[in-house]
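The values are calculated or read from the model by the stated rules, or taken from the named source; none is laboratory data. These figures come from a predicted structure and were not determined experimentally. Every residue, glycine as well, gets a Cβ built from its backbone with ideal geometry; the counts of neighbours run over all protein chains shown.
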Amino acid sequence: MNFLRTLLVRREAGIAVMIVLFCLAVGAVKPQFLSLDQLRIILLLTPLIMIAAMGQMMVIVARHVDLSIGSTLGFSAMVSGMLYRFDVDWFGFDVPWWTGIPVSVVVGALLGFGNGVLIQLFRLPAIIVTLGTLSLYRGLTFIISNAKQIDRQWIPSEIKGLSQTSPFTFPEFLPIVGKFNIPWIVILAFGIAILAYLFLMHTRMGRQIYAIGSNPVAAPLRGINVTQVNLAVFTISGALAGLAGIMYASRWGFVNPSNTGNGFEFQVIAAVVIGGVSINGGVGTVLGTVLGVLLLGCVAAALPLLGIPGTSQAAIYGAVILLALLIDRTVRRQGIVSLKRVRP
């Protein structure tokens, strides 16, 4: 009983209930949705959002928002793609396949740091600054690429293999999970989530992020270097968007200057908010964000299976987001009422 009451007051309970109900509803119409093949599709739809959502969560918890992560993803992916395409012309030798990963992360971190500097230097709202850099970084992507796509043949097979190969595969003789494998990109995404949890819950700066988001006025009075923390969260957000950029090249096998990362910020912010992160700052967990990402993955996988046309998918996508928020709010209110009833 105590466990049930604790579960009801957790913000993650609502989104967990929504995931279960949604999967059961779709599974009743299309039983194949509950298969292992469909689970693998859902898992492959989530890594990019999950990686970037960890950084966005920190930004929002600190009472900011980063609207430029889609453009940061696109720019970082393009820089890495051009590195592979022109490696011999630029350096006279073939660049090792793994080089694009740190390059993409560093480029993203620099763009995120630039956001933080502009916000702290001019004391402007983050939403205004990142709205501007959203267009700026997208424009720079067109400039450096000369509006040309990085095609599949330029992406190293090892990079593409991160989305296709797995470090392990379940044996065929297992009755349920035989031949089921989890690609490297999925493992990487969940690894990033674990690192984000450890950073936020077990480091001094992680606690300071929550303190700033809860009360930005009182935070400096407690000896917190607000400028340093804000620069850190935007740099981390940019770095993770950069990592998502090279993973985009792995997942889809190309980098296009016009659509790579286009609208990505909406998906990431939606996942974070659905996961229980307060837009007012100071509240949010890694677990909730992961659940929010998984819900969006379930929705993205279900709509084509149900035969819903692309013109209607955006409307249903938004409706599921609103419904998830309503269920989350209802579950939390019921949990509060239940706790009041059991108090002596």
By residue number, the members of region 109-137 that are under 14 Å from Thr72 (Cα atoms) and among the small types (Gly, Ala, Ser) are Ala109, Gly112, Gly114, Gly116, Gly132, Ser135
Would you list the helices (runs of 4 or more DSSP H) that sit entirely within region 9-123 and hold 1 or more residues that are touching a residue at least 24 places away in the same chain (Cβ under 8 Å) and among the charged types (D, E, K, R)? 12-29, 36-45, 69-85
Any residue in region 194-212 that is within 27 Å of Asn262 (Cβ to Cβ), in contact (Cβ under 8 Å) with a residue 60 or more places away in the chain and part of a helix (DSSP H, G or I)? yes
Just need a number here: residues in region 246-279 that are of a type in the set (S, T, N, Q) and more than 22 Å from Ala193 (Cα to Cα). 5
Exactly one of these conditions fails for Pro216: (1) closer than 18 Å to Leu121 by Cα; (2) modelled with pLDDT of 95 or more. Give me its number. (2)
Could you grab the pairs with beta carbons closer than 9 Å, sequence gap of 6+ or different chains, first residue in region 289-302 and in contact (Cβ under 8 Å) with a residue 40 or more places away in the chain, second one of a type in the set (Lys, Arg) and not in a helix (DSSP H, G or I)? Ala302/Lys30
Whichever residue in region 220-235 is out of contact with any Gly (no Cβ under 9 Å at 6 or more places or on another chain) and not polar (S, T, N, Q) and, among such residues, is surrounded by the most Cβ atoms within 10 Å (Cβ to Cβ): Val229
When you scan region 145-154, do you find a residue that is in a helix (DSSP H, G or I), surrounded by fewer than 16 Cβ atoms within 10 Å (Cβ to Cβ), modelled with pLDDT under 95 and of a type in the set (A, V, I, L, M, F, W, C), even just one? no
Against the condition under 17 Å from the mean Cα position of the chain (by Cα) and of a type in the set (Lys, Arg), how does Arg251 come out, does it pass? yes
